[in-house]
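Asks: Sending over a structure as structure tokens; questions will come in a sec.
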Amino acid sequence: MTVVAELKQTHRATWAAGDYAAVAEVIDEAPPRDLLDRVGVSPGEDVLDVATGTGNIALRAAAAGAHVIGLDLTPELFETARRRAAEQSVVIDWIEGDAEELPFEDGRFDRVLSAFGVQFAPHHEIVAHELARVTRPGGRIGLVNWTPTGQVGELFKIMGR
């Protein structure tokens with residue numbers, strides 16, 4: 001197994017083992033709202049939420065009338081995502097997958113989004129290429145990420161030591 005494959009396996013185990021749903025609740029208001037306000041999502045559009053976790057972005061996009069796929073490396077999070085979707089009466093396809101190898105054809109989506117997800121992928125250039133590849137001409141990509149110099153970035157540096 002390669003070092004990157006081991007890292008992805010560790011990421012998956014980490015997200016599956018903790019109470020990610022509790023973390024997701026903390027970041028469920030402003031980031032998804034602000035992202036969707038900036039990129040705009042209309043009824044009937046095809047939307048991909050990459051590294052969806054428990055579906056913060058996917059749920060709002062589906063509520064706006066979009067056809068949504070939520071993709072995540074950690075399918076254990078889909079239990080919470082499915083429950084939330086049922087509570088909100090929205091339909092979302094939940095797919096296990098890797099942001100570095102999106103299992104979709106070129107130009108498939110009108111909007112490709114991620115909030116606090118793809119930043120954890122090992123190869124950001126590969127992810128950027130994949131996001132662009134699956135976005136239709138004229139489509140939009142929207143990301144919310146923590147920065148290395150921000151408060152959360154500083155926390156990650158401390159934890160990494």
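Asks: What pairs can you find where one residue is in segment 105-122 and under 18 Å from Glu45 (Cβ atoms), the other is among the basic types (Lys, Arg), and their Cβ atoms are less than 6 Å apart, with a gap of 6+ or different chains?
Replies: From residues that are under 18 Å from Glu45 (Cβ atoms), the pairs are Asp106/Arg133; Gly107/Arg136; Asp110/Arg136; Arg111/Arg140.
Asks: Are there any pairs, at least 6 apart or on different chains, whose C-beta atoms fall under 6 Å, with the first in segment 53-64 and within 11 Å of Arg84 (Cα to Cα) and the second of a type in the set (Val, Ile, Thr), and if so, which?
Replies: The qualifying pairs are Thr54/Thr80; Ala58/Thr52; Ala58/Val68; Ala58/Ile92.
Asks: Would you confirm, using the coordinates I've provided, whether Asp72 is under 21 Å from Val144 (Cβ atoms) and in contact (Cβ under 8 Å) with a residue 60 or more places away in the chain? Before the answer, list the steps.
Replies: On the way: under 21 Å from Val144 (Cβ atoms): yes; in contact (Cβ under 8 Å) with a residue 60 or more places away in the chain: no.
Spelling it out, it is not the case that Asp72 is under 21 Å from Val144 (Cβ atoms) and in contact (Cβ under 8 Å) with a residue 60 or more places away in the chain.
Asks: So which residues in segment 70-112 are under 19 Å from His129 (Cβ atoms), out of contact with any Pro (no Cβ under 9 Å at 6 or more places or on another chain) and either of a type in the set (Lys, Arg) or in a strand (DSSP E or B) (or both)?
Replies: Asp98, Glu101, Arg108, Phe109, Asp110, Arg111, Val112
Asks: Would you confirm whether any residue within segment 11-25 is modelled with pLDDT of 90 or more, outside any loop (DSSP other than H, G, I, E, B) and of a type in the set (A, V, I, L, M)?
Replies: No, segment 11-25 contains no residue that is modelled with pLDDT of 90 or more, outside any loop (DSSP other than H, G, I, E, B) and of a type in the set (A, V, I, L, M).
Asks: Okay, moving on. So Glu125 fits all but one of (1) at pLDDT 95 or above; (2) farther than 14 Å from Ala51 by Cβ; what number is the exception?
Replies: The failed condition is (1).
Asks: Given (1) at pLDDT below 95; (2) not in a loop (DSSP other than H, G, I, E, B), where does Pro148 come up short, assuming only one miss?
Replies: Among (1) at pLDDT below 95; (2) not in a loop (DSSP other than H, G, I, E, B), the lone unmet condition for Pro148 is (2).
Asks: Taking Val39 and the conditions (1) closer than 30 Å to Thr2 by Cβ; (2) surrounded by fewer than 23 Cβ atoms within 10 Å (Cβ to Cβ); (3) among the β-branched types (Val, Ile, Thr), which numbered condition does it fall short on, given that it satisfies the others?
Replies: Val39 satisfies every listed condition except (1).
Asks: Please go through segment 89-102 and pick out each residue that is touching a residue at least 24 places away in the same chain (Cβ under 8 Å) and either in contact with a strand residue (DSSP E or B) (Cβ under 6 Å, 6 or more places away or on another chain) or surrounded by fewer than 21 Cβ atoms within 10 Å (Cβ to Cβ) (or both).
Replies: Listed by number, the residues that qualify are Val90, Val91, Ile92, Asp93, Trp94, Ile95, Glu96, Gly97, Asp98, Ala99, Glu100, Glu101.
Asks: Kindly establish whether Gly142 is exposed (fewer than 15 other Cβ atoms within 10 Å of the Cβ), part of a strand (DSSP E or B) and modelled with pLDDT of 95 or more.
Replies: no
Asks: Then there's this: Just to check your reading of the model, which residue among Val41, Val47 is under 20 Å from Pro137 (Cβ atoms) and part of a strand (DSSP E or B)?
Replies: None of the others qualify; the one that does is Val47.
The values are calculated or read from the model by the stated rules, or taken from the named source; none is laboratory data. Predicted model only: the values in this text are computed from it and were never measured. Here the Cβ is made from the backbone with ideal geometry for all residues, glycine too, and neighbour counts use every protein chain on show.
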